[in-house]
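Taken together, the values in this text are just the output of simple stated rules run on the coordinates, not laboratory data. Keep in mind the model is a prediction, meaning the values are calculated, not measured. In this analysis, Cβ positions are derived from the backbone assuming ideal geometry, glycine residues included, and neighbour counts consider all displayed protein chains.
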């Protein structure tokens, strides 16, 4: 199998804290691979190791079939990295930031490439504006342009849309879709399960370990479960009763409760009976396929 990234038995500790504990995965050329999990799961540590920015205690990490420890500089010339926090120079203009990163990567005659990236990210009208004067979404697009100036083969994105407004987030995903069409491999981490649904494959990570890895559809199908969504006139009380009395896995979404149940389980009768006994009126219900968020929470609770 053709692998552009290969990781096996990866361990990284910070003192007594096991940040990454025995992680294994591979990434194929041209795919979008998602590392998904909450804060503290080990996502950023894993990405920084892959980029050659962190050492690790045990395991094997290879990019382009080259060991990261002995070929770090060569690998870094072929990858782009967008970190969690905006790390460009606020007093430099958009143009100057891109020029700076071109110089770091030894890119000469970068002007045409810079104009292409500014057009691509819709930053052309703002090229003379200092980075500090850009909105959050525009800063992220500038950081993306800087990470692409040297035409990397792999693009690493660490929670790229955290704190970005919905419109900029949508624009960012359009840009990523275009990059995939150009053949760039994208490795991203995200706490957002709806974003993970867009990936070819995802690794769900918790407490430094990968708890499952496959395509989003395969992960959901393997659960053999469904979501029962109900609406009633006392959501908080109903939610508490279903957890404590029936032992059900529930999640609140506004005025609705999502309950993860086995496909062969007839839970609705039990729920209706419980609500009726406690003078709670069931207003509506429907059965839905489980979301990746439902599955992730279920797997974490199982562990």
Subject >> Full-stretch length increase - residue 221, residue 18 - with 0.36 nm per residue and alpha-carbon distance subtracted >> reply: 70.0 nm
**OP:** Would you mind calculating the relative contact order of the chain from Cα pairs under 8 angstrom and at least 6 residues apart, reporting the percent as a whole number?
**Re:** 20
**OP:** State the extension gain, in nm to one decimal, for the chain segment bounded by residue 112 and residue 85, taking 0.36 nm per residue of separation less the distance between their alpha-carbons.
**Re:** 7.0 nm
Subject >> Förster radius 22 Å - calculated FRET efficiency between residue 207 and residue 244, Cβ distance, rounded to 0.05 >> reply: 0.25
Subject >> Simple spin-label estimate for residue 167 and residue 71 in nanometres, 7 Å along Cα-Cβ >> reply: 4.5
**OP:** Could you pull the Rg and Dmax for segment 104-193, using just the Cα atoms, both in Å?
**Re:** 13.0, 40
Subject >> Inter-centroid distance (Cα atoms) of segment 122-141 relative to segment 58-114, Å >> reply: 19
Subject >> Share, in percent, of DSSP beta bridges within the chain that are antiparallel, nearest 5 >> reply: 70
Original post:
Fully extended, how many nm does the chain gain between residue 151 and residue 214 (0.36 nm per residue separation, minus their Cα-Cα distance)?
Top reply: 19.9 nm
Original post:
Mind checking the log10 I(q)/I(0) for segment 1-46 at q = 0.32 Å⁻¹? Debye, one equal scatterer per Cα, no solvent, two decimals.
Top reply: -1.21
Original post:
At a Förster radius of 25 Å, what calculated FRET efficiency corresponds to the Cβ-Cβ distance of residue 105 and residue 60, to the nearest 0.05?
Top reply: 0.40
Original post:
Using a basic spin-label model with each label point 7 Å from the Cα along Cα→Cβ, how many nm lie between residue 234 and residue 92?
Top reply: 6.1
**OP:** Taking the Cβ of each residue in 26, 81 as the centre, tally the other Cβ atoms inside 10 Å and list the residues starting with the fewest.
**Re:** 26, 81
Original post:
For segment 114-264, what proportion of DSSP beta bridges, expressed in % and rounded to the nearest 5, is antiparallel?
Top reply: 75
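Rank the residues 56, 156 as a footprinting-exposure proxy: fewest other Cβ atoms within 10 Å of their Cβ go first.
56, 156
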Original post:
In nm, to one decimal, how far is the modelled label at residue 194 from the one at residue 177, with both set 7 Å along Cα→Cβ?
Top reply: 1.5
Subject >> segment 1-49 versus segment 222-300: alpha-carbon centroid distance in Å >> reply: 33
Subject >> Residues residue 299 and residue 269, FRET efficiency given R0 of 30 Å [Cβ-Cβ distance, rounded to 0.05] >> reply: 0.65
Subject >> Normalised per residue, the volume of the convex hull around the Cα set of segment 223-302 (Å³) >> reply: 85
